[in-house]
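Below is one structure; the comments refer to it alone.
Only the coordinates and a few stated rules stand behind these numbers; no lab work does. Everything quoted here is computed from the prediction, not taken from an experiment. Cβ placement follows ideal geometry from the backbone for every residue including glycine, while neighbour counts extend to all protein chains displayed.
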Amino acid sequence: MTEVNNLPPDWVDHYTRQRYMLQDPVMRWIYANTGAIRWSAIDLDDPYRILAQARTFGLAYGLAVSVFDGNSEGQRSFGTFVRSDREFDDGEISMLSSYVSRRHDQKAPPTNLTAAELEALRMVKEGMRAKQIAFRLGVTEGAVKQRLTNAKKKLGASTGTQAATMATEFGLI
């Protein structure tokens with residue numbers, strides 16, 4: 001859902017033009033594993049010599065971090081970190097692993113939205129106002145507003161429309 005890419009633009013352009021994503025041993029490791037590994041410890045075939053090519057762009061020592069908590073949506077978070085001067089030490093690996101895990105948790109969809117809150121958000125997404133939602137559901141307008149307030153709080157949204165958009169992006173509605 002979020003990408004931060006600070007790799008050298010020339011490398012990103014080369015990598016993209018060559019369509020390396022599916023052949024990249026780092027990416028293959030990330031999608032098959034969880035945890036952290038130095039690139040030098042990845043024991044996967046690299047017939048396109050992607051890691052050797054990366055070194056020519058100054059990407060000599062890398063670290064891959066992969067987080068997957070078994071959620072039903074199949075969401076995985078990962079980070080690849082690179083330096084030119086030396087391998088990452090254990091403290092750096094621990095810090096970067098914690099960073100990716102925190103980001104994963106922050107971006108994970110909430111699991112505590114009720115069916116009633118999701119139903120109200122679905123109707124907001126359809127463009128309905130609280131009064132219309134209340135009429136359709138046979139509840140008070142205050143009950144609808146409370147459902148939307150709860151949903152906004154759980155999603156970290158400022159408005160009902162933003163909450164409905166976030167719920168849609170998470171695949172909840």
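Remarks
- Average Cα contact separation per residue, the stretch 115-170, under 8 Å, 6 or more apart, as relative contact order %: 39
- The residue among MET95, LEU63, TYR31 whose Cα reaches farthest toward the positive pole of the charge dipole of the stretch 9-107, with charges on the beta-carbon of Lys, Arg, Asp and Glu, is TYR31.
- Proximal lysines relative to LYS131, as straight alpha-carbon distance under 19 Å, when same-chain residues fewer than 8 apart are discounted: LYS145, LYS152
- Note, ³J(HN,Hα) from phi for the stretch 5-15, Karplus 6.51, -1.76, 1.60, rounded to Hz, x at Gly and Pro: 10, 10, 6, x, x, 5, 5, 4, 5, 4, 4
- About the Cα centre, charge dipole magnitude for the chain (Lys/Arg +1, Asp/Glu -1 at Cβ), debye: 940
- Scattering profile of the stretch 115-170 at q = 0.22, 0.30 Å⁻¹ [log10 I(q)/I(0), Debye over alpha-carbon scatterers]: -0.70, -1.27
- Under 5 Å, built H, 5+ apart or other chain: amide partners of VAL139: none
- In a fully extended conformation the segment linking MET128 and LEU7 would gain 39.2 nm over its present Cα-Cα distance, using 0.36 nm per residue.
- As a rough footprinting exposure proxy, the listed residues HIS104, HIS14 were ranked by other beta carbons within 10 Å of their own, and the order from fewest upward is HIS14, HIS104.
- Low-density loop positions, GluC sites (Glu not before Pro), the stretch 29-103 - DSSP coil, at most 13 other Cβ in 10 Å: GLU73
- Put in line by how crowded their Cβ is, counting other Cβ atoms within 10 Å and starting with the fewest, ARG83, ARG49 read ARG49, ARG83.
- A value for percent of Cα pairs over 26 Å apart was derived from the coordinates, and within the list (1) 47; (2) 29; (3) 41 it appears as (1).
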